[in-house]
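The values are calculated or read from the model by the stated rules, or taken from the named source; none is laboratory data. Not measured: the values here are computed from a predicted model. Using ideal geometry, Cβ is built from the backbone for each residue, glycine included, and neighbour counts are taken over all protein chains shown.
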């Protein structure tokens, strides 16, 4: 498998063309000061070279279609092919975003029904599909909280409370919305420290951002009490939907007291991760935040479906993209939701939870240490390899890299930051028992190896296209674009 | 059960290993009063065959007319190989390349993408993409304020010739950070900024945004604008159509020094219209500013054996490390769209992109010739254009004309008045039209004949 992979630029030969893909055109009749002197130096390669190069590159990836991918907090479940095929129908792909609603009634019907499904399954009063990613959904959510306080003339609320276990996007989002992020500690059982929360809330509190189940892989048991504390202080509750897969169809964020929520459709609703996007991060809100939802929103009226825009939603926080969102992702999520139906949604949470608890039980029996041994796993859980790091000098990153040699993608490592040498493991509901057993066997094998020949683990991976990469050099001698000469600057 | 592989026997074995009586027992930490939500409003699940029929019927209902509409999203030929390769499971179902050794395919592709974009823009570095053009401009504005501390200003000069939706998105995203957007009026004759109208009264400011082509399709005097801005201590943010940059002077060559940041909508590079997304935003900048650039960046490095490999780098800028001090809350790029764009650019090459851009320009010129021959139709502006023009209609209403064209199965363009009614009432009864390389001479004739009839009726 190990072989060099020359860049597409190294395969380029001056004068090679693919004339089939661009028409003949006269020289432009434009004044020379506007024109580019030479065509950009893109690769000059044949269509076969392109197809072969990018097909071969694809084979240098791990992916759900080829590997178990238990990446915690990322919900790497099977992405049904039907979702792709049905979303990529030519008339959906050909539609211009500014075309009249009359030419998009089929699309809008899907989007409207998706809004309704998401509303029901989260227990919220309104949904906007506009945010293009989870982090943009977070931004929209906190911007709505701010709009709500501002509309009431309540301008002194400057703080957003964020548990220390939260995703990094939470505090970053609070800052983007002009708030100060204030951390709330977690207690030894993985729940929010209620005494610290009570001490932190006050007239400066705009809201609390919470992931439930948390990134520690446990359900926040006192959520009702947390909601009461924050609401009594005049703040609102934001639900980070990163872990919704754990409770889909079982418990609704709206019923837990949340005022606003974002969903990651690329997690819970199984749209593809695509090597890092595109995602979609719809937001749902309770009664109080309805006027502030980002636009556009699909409405169903007697004459058909149409987009609600500025004139319909004067208090909206506004637009997040030029054209209204990642429609292709939304269509895939819609297809998935219809295939599952209401019973299928509850089953997602059930089997995701079953798989996680089974994997936890097996790993524990194999001698691995859970971070929260007294707690149930939700759809994910944490083990800590601090003992291995201390006694054997083999850390979580070494285990992660060695798992790759077993043909298994590594779990999330070193997140959350609270647990030393941690693995955050999320098997998802679409994996079968044999796969989980194979993961346990691989972990046990690596453990034995760490005890007998730790160097093998510490220098892993050994069977991938490259061995362990020098990240320090990557950051110090920044090489971000390919150049002809071997001698590069810096 | 869709997508759940468990047999009953396996479930029993798994519960026994856990020591639980039932799956339900695994939820025993969730307070009972929170359970039992009513989901009856969600339809029951249906099979793939039945759903395929429904989805095909819905797609069939969305027949698409002949497109002369642009305004930030453009119909172009996309080689079949682009999406054939892009939807391979190894790209489609991979995650963000955090485990670099297991993600060399995606990482090398992103590195090649960064190189292609930097070359297309004639800029030094590129990130691995952002969400879309409008949000990329918002991020560029935030970046410019961070990068230009010397200006001691959070004011951004934002011409009215920037796509109005981009202006709205920037406003949504930056308004909470004390940044103000100072609108710049355009010359109503030329349809672009008049560099001579820029005055020191606009200072201090952190950056000037320069669109190329601008929302009306007109070409801005980018050299003069860039030089003015930089002479007064402003950074220049170019917001450009990437396809056009194969033909037009790229941001890195504007003025004496070149633009500082280039961003825009990547859709014209192999991404279908798809009602507005997913697309991707791109961003390039000078090396001097790259630590202020948001989004993922891939670097080339070596492995333990000295073999070339690729990895995410400069992560100290990002939210998962920096949390509340991050350059942005962004934690993704548009990986799959960039996969398509990279393959698209490799297939067309620089010369192919240039030819496509030139064909778009020629088609729009040919369309304009046909249309301005019609009585009561004239170009609204005098500046040179790329592949869009604004038509002024002496009679008839723009909205009425569009309806008439639609009856002839033509998407005739965009009526500008809803976007400009307040600030430019003179743009009443104007249409923004576009003819890309996908339109034939017969298409242009069809449009002209239909418009003639529309204006006679």
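So, in the stretch B:14-48, exactly how many residues are in a helix (DSSP H, G or I), more than 7 Å from chain A (Cβ to nearest Cβ) and in contact with a helix residue (DSSP H, G or I) (Cβ under 9 Å, 6 or more places away or on another chain)? Break it down stepwise before answering.
The initial filter retains those residues of the stretch B:14-48 that are in a helix (DSSP H, G or I), namely B:14-18, B:24-27, B:32-34, B:48.
Right, trim to more than 7 Å from chain A (Cβ to nearest Cβ) and you get B:15-16, B:24-25, B:32-33.
Filter once more, so that each one left must be in contact with a helix residue (DSSP H, G or I) (Cβ under 9 Å, 6 or more places away or on another chain): B:15, B:24-25, B:33.
The qualifying residues number 4.
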Sole exception among (1) assigned to a helix (DSSP H, G or I); (2) within 8 Å of chain B (Cβ to nearest Cβ); (3) within 21 Å of the chain's Cα centre (by Cα); (4) under 28 Å from residue B:57 (Cα atoms) for residue A:351, by number = (4)
request  = Looking only at the stretch A:96-109, decide whether some residue is within 24 Å of the chain's Cα centre (by Cα) and more than 7 Å from every other protein chain (Cβ to nearest Cβ).
outcome  = no
key: Breaking point among (1) crowded, with 21+ Cβ neighbours inside 10 Å; (2) over 27 Å from the mean Cα position of the chain (by Cα); (3) at the interface with another protein chain (Cβ under 7 Å from one of its Cβ atoms), for residue A:58   = (2)
query = Which of (1) assigned to a helix (DSSP H, G or I); (2) surrounded by 23 or more Cβ atoms within 10 Å (Cβ to Cβ); (3) touching a helix residue (DSSP H, G or I) at 6+ places or on another chain (Cβ under 8 Å) is the odd one out, the single condition residue B:140 does not satisfy?
reply = (3)
ask   = Are there any pairs with C-beta distances below 9 angstrom linking a residue in the stretch B:287-298 that is at positive phi to a residue that is modelled with pLDDT under 95, with the two at least 6 apart or on different chains, and if so which?
value = B:295/B:317; B:295/B:318; B:295/B:327; B:295/B:328; B:295/B:330; B:295/B:332; B:295/B:333
query = Across the stretch A:120-161, what is the total count of residues that are more than 7 Å from chain B (Cβ to nearest Cβ) and not in a helix (DSSP H, G or I)?
reply = 18
task = Could you please let me know if residue A:314 is buried (at least 16 other Cβ atoms within 10 Å of the Cβ) and modelled with pLDDT of 95 or more?
result = no
query = Can you tell me which residues in the stretch B:388-432 are modelled with pLDDT of 95 or more and within 23 Å of the chain's Cα centre (by Cα)?
reply = B:388, B:389, B:390, B:411, B:412, B:413, B:414, B:415, B:416, B:431, B:432
remark   = Filtering the stretch A:320-339 down to residues that are buried (at least 24 other Cβ atoms within 10 Å of the Cβ) and at the interface with another protein chain (Cβ under 7 Å from one of its Cβ atoms) yields A:320, A:321, A:322, A:323, A:324, A:325, A:326, A:327, A:328, A:329, A:335, A:338
message = Being surrounded by fewer than 22 Cβ atoms within 10 Å (Cβ to Cβ), part of a helix (DSSP H, G or I) and facing chain A (nearest Cβ under 10 Å) is the requirement here; does residue B:146 meet it?
response = no
query = With respect to residue A:28, is the statement that it is closer than 23 Å to residue B:75 by Cβ, facing chain B (nearest Cβ under 7 Å) and in contact with a strand residue (DSSP E or B) (Cβ under 9 Å, 6 or more places away or on another chain) true?
reply = yes
task = Please state which one of A:60, A:36 is outside the structural domain of residue A:397 (by TED's automatic domain parsing) and under 30 Å from residue A:435 (Cβ atoms).
result = A:60
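Output the residues belonging to the stretch B:303-320 that are under 21 Å from residue B:140 (Cα atoms), at the interface with chain A (Cβ under 7 Å from one of its Cβ atoms), out of contact with any strand residue (DSSP E or B) (no Cβ under 8 Å at 6 or more places or on another chain) and surrounded by fewer than 24 Cβ atoms within 10 Å (Cβ to Cβ).
Passing the criteria: only B:320.
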message = For the stretch B:224-250: of the residues being buried (at least 24 other Cβ atoms within 10 Å of the Cβ), away from chain A (no Cβ under 11 Å) and over 20 Å from residue B:71 (Cβ atoms), which is nearest to the chain's Cα centre (by Cα)?
response = B:237
ask   = Which one of B:333, B:329 is within 22 Å of the chain's Cα centre (by Cα), within 7 Å of another protein chain (Cβ to nearest Cβ) and free of Cβ contacts under 8 Å to residues at least 24 places away in the same chain?
value = B:329
query = Got at least one residue in the stretch B:365-377 being surrounded by fewer than 23 Cβ atoms within 10 Å (Cβ to Cβ) and within 24 Å of the chain's Cα centre (by Cα)?
reply = no
note = residue B:216 meets each of (1) out of contact with any helix residue (DSSP H, G or I) (no Cβ under 9 Å at 6 or more places or on another chain); (2) closer than 27 Å to residue B:355 by Cα; (3) not in a loop (DSSP other than H, G, I, E, B) with one exception, condition (3)
inquiry  = Just the residues that are within 7 Å of chain B (Cβ to nearest Cβ) and part of a loop (DSSP other than H, G, I, E, B), please, taken from the stretch A:10-23.
reply    = A:17, A:18, A:22, A:23
query = Of all the helices (runs of 4 or more DSSP H) wholly in the stretch A:404-490, which have at least 3 residues that are at the interface with chain B (Cβ under 10 Å from one of its Cβ atoms), at pLDDT 95 or above and under 28 Å from the mean Cα position of the chain (by Cα)?
reply = A:433-452
message = Based on this model, can you work out whether residue B:356 counts as surrounded by fewer than 22 Cβ atoms within 10 Å (Cβ to Cβ) and touching a residue at least 40 places away in the same chain (Cβ under 8 Å)?
response = no
message = Within the stretch A:8-16, does at least one residue satisfy the condition of being touching a residue at least 12 places away in the same chain (Cβ under 8 Å) and under 33 Å from the mean Cα position of the chain (by Cα)?
response = yes
note = When residue A:48 is run through (1) assigned to a loop (DSSP other than H, G, I, E, B); (2) surrounded by fewer than 18 Cβ atoms within 10 Å (Cβ to Cβ); (3) more than 8 Å from chain B (Cβ to nearest Cβ), the failure sits at (1)
query = If a residue has to be closer than 16 Å to residue A:140 by Cα and in contact with a strand residue (DSSP E or B) (Cβ under 8 Å, 6 or more places away or on another chain) to count, how many in the stretch A:311-334 make the cut?
reply = 6
message = Taking the criterion of being in a loop (DSSP other than H, G, I, E, B) and more than 30 Å from residue B:296 (Cα to Cα), would at least one residue in the stretch A:260-277 satisfy it?
response = no
request  = Name the one entry in A:401, A:390 that is away from every other protein chain (no Cβ under 11 Å) and part of a helix (DSSP H, G or I).
outcome  = A:390
task = Select the strands (runs of 3 or more DSSP E) contained entirely in the stretch B:295-399, then report the ones holding at least 2 residues which are in the same structural domain as residue B:127 (by TED's automatic domain parsing).
result = B:297-302, B:308-313
inquiry  = Among the residues that make up the stretch B:76-84, is at least one of them under 30 Å from residue A:406 (Cα atoms), at the interface with chain A (Cβ under 9 Å from one of its Cβ atoms) and surrounded by fewer than 22 Cβ atoms within 10 Å (Cβ to Cβ)?
reply    = yes
